[in-house]
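The values are calculated or read from the model by the stated rules, or taken from the named source; none is laboratory data. Predicted, not measured: the structure shown is a model, and the values here were computed from it. Positions of Cβ are generated from backbone atoms using ideal geometry, with glycine treated the same way; all protein chains shown enter the neighbour counts.
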Amino acid sequence: MKKTTFFAALALGLSAGTLAPADSANAAEQRFMSIGTGGVTGVYYPTGGAICRLVNKNRREHGIRCSVESTGGSVYNVNTIRAQDLEFGVVQSDVQYNAYHGLGGFAEAGAFEGLRAVFSVYAEPVTILARDEKDIHNITDLIGHRVNIGNAGSGQRNTWNAIAQAFGWSDDDLRLAAELKSSEQAEALCDGKIDAYFWLVGHPSAATEETLSSCDSHLVNAEGELVDLLLADTPYYRYATIVAGTYNNRSDINTFGVGATFVTSTDVPEEAVYILAHAVLANLEDFKGLHPAFSGLVAEQMISDSLTAPLHEGAIRAYREIGLME
């Protein structure tokens, strides 16, 4: 039998809150929710996997199968949710903000007024790694070097563009503006094809650890007057620290970043969002044990921090039931 998403189910007349009975064999076969994440080496992909693990734990009760898709990242996820080809996605908080308001790279498409937040996950500091023989110790030292700025459609690239605009930079200021996927950048750095790479990731990050242990490289600060001015002008960036000893760094790395957030749209039925949000927040201790980046999560912060689109009604219903909202 052909598998259909919730969007296909809606077309068949299953309205929000009136999904087919969970004990129906046909419903169990047909009702799917898909989560767009990012590259398999980042933290987005295991985040989607952790969410699906909790949702699928009670699949026989609610009749929904949750699956994870590796994608191009935040911008791709938002655009695909908007096109109704994905139900959910992990996106950076700055991408969420710009998409909802129709700013930056979303200006041409216009405001995505149907975008809805579900919860935030973890902080994503700007993380820069450079080869040891290069004189790169702060973000401003990247000028004149070969730097991976991320593939088109990724939150990594979206944030780089925002930073470059705020700093008055262009790609011509770099010796090379590489457009590698996050899964390709560590090898490129260690092979000497680039001097540094820039991305946003939750810590500890296996990909970051792999880079630092595979070749002579170091973490780079992202601080100074230009950073201070950028944070003063934007509601979605915040100062962050990669604490000493997280990797091979003997001292704290001072940087800034965004929050990883989980989003959906008003096209997704309330019942589907309720089931997912309840599975995660009602079992937060189990969720926190599924990846080191989740260890510091606090439920109250997850339903408020870094969320610039309105909460989905299904999420609000779940949080009221759990006791997180009145």
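Data overview
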quantity	calculated
Residue ID - surrounded by the fewest Cβ atoms within 10 Å (Cβ to Cβ), chosen from residues in the range 244-272 that are touching a Ser or Thr at 6+ places or on another chain (Cβ under 6 Å) and part of a loop (DSSP other than H, G, I, E, B)	ALA244
Qualifying positions in the range 204-228 - of a type outside the set (Gly, Ala, Ser), in a loop (DSSP other than H, G, I, E, B) and within 23 Å of ILE163 (Cα to Cα)	GLU223
Those residues of the range 151-169 which are more than 22 Å from ASN254 (Cβ to Cβ) and modelled with pLDDT of 95 or more, in sequence order	none
Pairs where the first residue, in the range 263-288, is within 12 Å of HIS312 (Cα to Cα) and touching a residue at least 60 places away in the same chain (Cβ under 8 Å) and the second is acidic (Asp, Glu) and crowded, with 21+ Cβ neighbours inside 10 Å, C-beta under 9 Å, 6+ apart	THR264/GLU87; SER265/GLU87; ASP267/GLU87; VAL268/GLU87; ALA272/GLU87; VAL273/GLU87; LEU276/GLU87
Matching residues, the range 273-309, being closer than 27 Å to TYR239 by Cα, out of contact with any strand residue (DSSP E or B) (no Cβ under 8 Å at 6 or more places or on another chain) and not in a loop (DSSP other than H, G, I, E, B)	LEU284, GLU285, PHE287, LYS288, PRO292, ALA299, GLU300
Residue in the range 288-303 that is assigned by TED's automatic domain parsing to the domain that holds VAL68 and under 24 Å from ASN79 (Cα atoms) present	yes
Test set (1) among the charged types (D, E, K, R); (2) surrounded by fewer than 20 Cβ atoms within 10 Å (Cβ to Cβ); (3) within 19 Å of the chain's Cα centre (by Cα) - ASP135 fails condition number	(3)
Failed item, numbered, when LEU230 is tested on (1) modelled with pLDDT under 95; (2) touching a strand residue (DSSP E or B) at 6+ places or on another chain (Cβ under 7 Å); (3) of a type outside the set (S, T, N, Q)	(2)
Any hit, the range 151-174, residues being of a type in the set (Lys, Arg), within 24 Å of the chain's Cα centre (by Cα) and either closer than 21 Å to THR211 by Cα or not assigned by TED's automatic domain parsing to the domain that holds VAL243 (or both)	yes
Residue that is free of Cβ contacts under 8 Å to residues at least 60 places away in the same chain, closer than 21 Å to THR41 by Cβ, assigned by TED's automatic domain parsing to the domain that holds ILE143 and of a type in the set (A, V, I, L, M), where the choices are ALA188, ALA232, ALA196	ALA188
Residue check for ALA186: in contact with a helix residue (DSSP H, G or I) (Cβ under 6 Å, 6 or more places away or on another chain), surrounded by 17 or more Cβ atoms within 10 Å (Cβ to Cβ) and outside any loop (DSSP other than H, G, I, E, B)	yes
Odd one out for TYR236, checked against (1) in contact with a Phe, Trp or Tyr (Cβ under 6 Å, 6 or more places away or on another chain); (2) within 16 Å of THR127 (Cα to Cα); (3) among the hydroxyl-bearing types (Ser, Thr, Tyr)	(2)
Strands (runs of 3 or more DSSP E) contained entirely in the range 86-165, each with at least 3 residues that are of a type outside the set (A, V, I, L, M, F, W, C) and touching a Leu at 6+ places or on another chain (Cβ under 8 Å)	115-131
